[in-house]
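Participant: I have a structure here, written as structure tokens, and I will follow up with some questions on it.
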Amino acid sequence: MDLKTINSPVLADPLPKLALPSAVMTYTTPTSFPSTGLYLNTPKKKPLPGKIEEVRAAGWLDLMLASSPTRKRQSKDFVNDVQADDLEQYSHWVVNHPSALTSFENIANLARGKRLALFLDYDGTLSPIVDNPENAVMSDEMRSAVKHVASLFPTAIISGRSRDKVFDFVKLTELYYAGSHGMDIMGPVRKSEYSGQHVECIRSTDSEGKEVNLFQPASEFLPMISEVYKKLGESIKDIDGARMEDNKFCVSVHYRNVAPQDYGEVHQRVTAILKNYPCLRLTHGRKVLEVRPVIDWNKGKAVEFLLESLGLCGKEDVLPIYVGDDKTDEDAFRVLKANNLGFGILVSSVPKDTDAFYSLQDPAEVMEFLNKLATWKEGSTS
């Protein structure tokens, strides 16, 4: 098929009440939302005093500094001391979030007799985190591992990237793809009505002629997102290292290559633009600020939607597994944990607060896990 958090902090202005214009109309900034269930109801707030605004800005700066800190060369003794301290912290953390590799026998026992559904993030999970987002290339070995498991279980990639972009990286027609943090899904034709609330899908066909459903709950925001992308690009163009990325239903402002002393300037310029867009919110990921529509939709909702579309929702013989590395993946981890549906696997080499049950250290371990999963499945059915 050609299938084109830890709570993230949110900055949202007061949200009044009208209708968003259609995506086909000329865009003018709306002041309120339609009364559909997907839109978040945020109580109207009074403007915050200057001091509180300063504290909030300082909080964002702390988050930006803490996100994937740059590692500098240090003396050998210093590095050894830090590594020993990090190793001790990690060894305590991994007791509560055991390795999915060393615990594979337990996972296999849990999966025995069940239908698995596999959900994967892309950046930092199937590809390494790199300085230039355009260079986050998936290895041939990883592609082969993903292709293998997709031949055995329903498999989807749920990414913050645009759906087209992540498909161009992965290049596998066997998968389902959800881009823009689940706001752009191309999946199977639903076998039953999505239980969360009524949602409208566009019936389409993929490049192989197979019937699929296209679901885009934030389509009315596209003109607004496009306008904000242009304004933000103009605003930060003189900040060395800052990079914009258009992910269709969200805008990403990457600051991985920005000098730390300029982080505050990046945040200030982004929030200055967003003050005029109360229908958008600001969230934070790994060295990236992301502008998204204020709707009640995320990677967790995307998992539920895809499970329902596959006819796997609410079935006791189904075991969903979600593998991801970012704060935005926590929404999916929480859904699986809260509903006792399956479990999440966090990809991280450092301790983090998470709702995932298992852990893997890096994409290399993810690939090893996928290969073990495929080998186990083939062995159990032979």
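The values are calculated or read from the model by the stated rules, or taken from the named source; none is laboratory data. Here the structure is a predicted model, which means the values were calculated and not measured. Cβ sites come from the backbone with ideal geometry, for glycine too, and all protein chains shown count toward neighbours. Calculation scope for accessible area: heavy atoms of the full protein, side chains included, ligands and nucleic acids excluded. Shrake-Rupley method; radii C 1.70, N 1.55, O 1.52, S 1.80 Å.
Participant: Kindly report, to the nearest 10 Å², the accessible surface of residue 142 as traced by a 1.4 Å probe over protein heavy atoms only.
Facilitator: 10 Å²
Participant: Using a simple charge model, +1 on the beta-carbon of Lys and Arg, -1 on the beta-carbon of Asp and Glu, nothing else, what dipole does the stretch 250-318 show about its Cα centre, in debye to the nearest 20?
Facilitator: Dipole about the Cα centre, nearest 20: 360 debye.
Participant: Mind running the shape call on the stretch 338-382? Use the C-alpha gyration tensor, a ≥ b ≥ c as the square roots of the eigenvalues: rounded below 1.5 for a/c, prolate if a/b tops b/c, oblate otherwise.
Facilitator: oblate
Participant: Just the accessible area for residue 255, please: 1.4 Å probe, Å², rounded to the nearest 10?
Facilitator: Ignoring ligands and nucleic acids, residue 255 comes out at about 0 Å².
Participant: Just how much of residue 121 is accessible, in Å², when a 1.4 Å probe is used and the result is rounded to the nearest 10?
Facilitator: Ignoring ligands and nucleic acids, residue 121 comes out at about 10 Å².
Participant: If one computes the Cα centroid of the stretch 102-177 and of the stretch 358-380, what distance in Å separates the two points?
Facilitator: The stretch 102-177 and the stretch 358-380 have Cα centres separated by 11 Å.
Participant: How do 292, 286 stack up against each other in accessible area, from largest to smallest, with a 1.4 angstrom probe?
Facilitator: 286, 292
Participant: Over the stretch 228-307, what is the relative contact order in percent, taking alpha-carbon pairs closer than 8 angstrom and at least six residues apart?
Facilitator: So the answer I get is 26 percent.
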